[in-house]
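Below is one structure, written out as structure tokens; the observations come after it.
The values are calculated or read from the model by the stated rules, or taken from the named source; none is laboratory data. Nothing here was measured: the structure is a model prediction, and the numbers come from that model. Note: ideal-geometry Cβ built from the backbone for every residue, glycine included; neighbour counts use all protein chains shown.
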Amino acid sequence: MKKSILIIEDDQVLNTLLVQQMQEMGYHVDGALSWKAAQAYLESNDPDLIFLDGRLPDASGNELIPELLPRCPVIILTAYGSVPQAVDAVRAGASDYLSKPVNPDELEVVIKRVLDNETLRQNYQFCKNQLRGKRHKLLVGSSPALGEVKQLLDAVAPSEMTVLINGESGVGKELVAHELHDLSDRVECHFVALDCCTIQENLFESELFGHERGAFTGADRKKKGLIDAAEKGTLFLDEIGEIGPAIQAKLLRVLETGRFRRVGGTRDLPSDVRIVAATNRDLEAMVRDGTFRQDLYYRLNAFTIPVPPLRERREDIQDLADHFVQTHNFSRRISKRINKAAMRHLVAYDWPGNVRELRNVVERAIILSRGHGEIRPEHLAICETDQQPGDLGTQLQFEKEPTLEQVEKHYLQSLLEKYSGHRGKVAGVMGISERNIYRLIQKYGLAKQTEKEALSD
């Protein structure tokens, strides 16, 4: 996007000449012959740079500098030999000055230098604002529900307690875990995250604990595991409910003794690591079903932090959406915002995929709104459904009180029917990845249903 420049100069010939020269340099340029004309222009425009004549017919240029500086940098134009006036202008805050008549080569160099310095200043200010006074810098939002999460973090962070974070997929459980690490005494060491859904069970033990050379076919060298990588730091185990019985037993031993053994190893190794786990499943129900160890559950459940879904903290939606836009603006050096109508749509939507879905929708809207200074409702790819996930779930009928897995299977089956086996749409509604949808389809034997739906399309 072209940088815009405003020239406030009462000499019409010089004003026109400067406009032409800067346009040839690739800038968008407008001219004003008086301070009154400039004020009218500034009511509806935000230039990136202002050239200001030191002596206007209706104002003194040096006196206007403090008023203009909050908008953008100012370069003062002075009469030949007016050094004292130029010095006063710089003291008042002008970025630079040029003497009339203006040398075109010098003009181009000064413009580039001032604009580059302004970009650096804005980047610095952005970083400074991100860090200033933000104890919970990773958790965006000011709702009472999120405030409770922050209070729990403040309470448990200084301790060495194992923490279990509960919440639906996409609510930001890993961010909460990372915030816990940043608030703890372990902040100077590594935060290591492992998504338990993404590692095959036969490789999980090696990934977590490491292995010795020759421990299994293909183990041609010793490998340290993630527990080693997180030494003196924090190990975050996401979706802890997905690990099998064998790994559960070995993880319990680490929590109880602070020691572990590599695959193929013969001796126990000490471990100084804080374990934080997260799940979107009901571990207590899994304990009753016999699919999760009761003793491990009690160890993990020493301190629980429930993270509410986005639909229960709508006050945070605008803050989050603006944060995603500002982050994109900073990384791309552009300026974009969400207009009021689009924001109303975002706040009204129920976000079954929670913060992850909101981020994806905003990032997609940024791409679709190229060429526009703002994101509008037509840029939002929100999946409006006739029924919300909760409404669909109330239609599921069971002869007796169902287990969590039964509810999950029937819910998945209903969504597959509704969306004709389209895994991407089902993943969006459930707030999980397509890979996890595929895993659930295989787990519950629903592959034939998806094939049948695909053939009928």
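Some points to look at:
- Residue match in the range 325-335 (condition: within 30 Å of S369 (Cβ to Cβ), hydrophobic (A, V, I, L, M, F, W, C), at pLDDT below 90 and not in a loop (DSSP other than H, G, I, E, B)): yes
- Hits in the range 166-182 - residues which are surrounded by fewer than 19 Cβ atoms within 10 Å (Cβ to Cβ) and hydrophobic (A, V, I, L, M, F, W, C): L175
- Flag for A341 being in contact with a helix residue (DSSP H, G or I) (Cβ under 7 Å, 6 or more places away or on another chain), crowded, with 21+ Cβ neighbours inside 10 Å and not in a loop (DSSP other than H, G, I, E, B): no
- As a summary of the residue check, D46 satisfies the conditions (1) at pLDDT 90 or above; (2) loosely packed, with under 14 Cβ neighbours inside 10 Å except for the one numbered (1).
- Any hit, the range 59-82, residues being out of contact with any helix residue (DSSP H, G or I) (no Cβ under 9 Å at 6 or more places or on another chain) and crowded, with 16+ Cβ neighbours inside 10 Å: yes
- Of the set (1) closer than 24 Å to R356 by Cα; (2) at pLDDT 65 or above, all apply to L392 but (2).
- Number of the condition not met by L120 [criteria: (1) under 35 Å from the mean Cα position of the chain (by Cα); (2) aliphatic (A, V, I, L, M); (3) modelled with pLDDT of 90 or more]: (3)
- When R293, R299 are checked against the criterion of being of a type outside the set (G, A, S), more than 28 Å from R435 (Cα to Cα) and not assigned by TED's automatic domain parsing to the domain that holds E405, a single residue qualifies: R299.
- All positions within the range 294-322 that are surrounded by fewer than 19 Cβ atoms within 10 Å (Cβ to Cβ) and closer than 19 Å to A249 by Cα: Q294, D295, Y297, Y298, R299, N301, A302
- Residue in the range 273-281 that is hydrophobic (A, V, I, L, M, F, W, C), free of Cβ contacts under 8 Å to residues at least 60 places away in the same chain and not in a loop (DSSP other than H, G, I, E, B) present: no
- All of (1) surrounded by fewer than 14 Cβ atoms within 10 Å (Cβ to Cβ); (2) in a helix (DSSP H, G or I) hold for E357 with one exception: (1).
- Only one entry of F236, F191, F209, F260 meets the criterion of being crowded, with 20+ Cβ neighbours inside 10 Å, within 25 Å of the chain's Cα centre (by Cα) and over 21 Å from M286 (Cβ atoms), and that entry is F191.
- The residue of the range 433-457 that is farthest from E239 (Cα to Cα), among those that are modelled with pLDDT of 75 or more and surrounded by 16 or more Cβ atoms within 10 Å (Cβ to Cβ), is L446.
- Among the helices (runs of 4 or more DSSP H) confined to the range 196-269, the ones with at least 1 residues that are in contact (Cβ under 8 Å) with a residue 60 or more places away in the chain are located at 245-257.
- The helices (runs of 4 or more DSSP H) located wholly in the range 1-92 that include 3 or more residues which are in contact (Cβ under 8 Å) with a residue 12 or more places away in the chain and over 43 Å from the mean Cα position of the chain (by Cα) occupy 12-24, 83-92.
- Test: residue in the range 3-26 that is farther than 16 Å from L68 by Cα and in contact with a Phe, Trp or Tyr (Cβ under 6 Å, 6 or more places away or on another chain): yes
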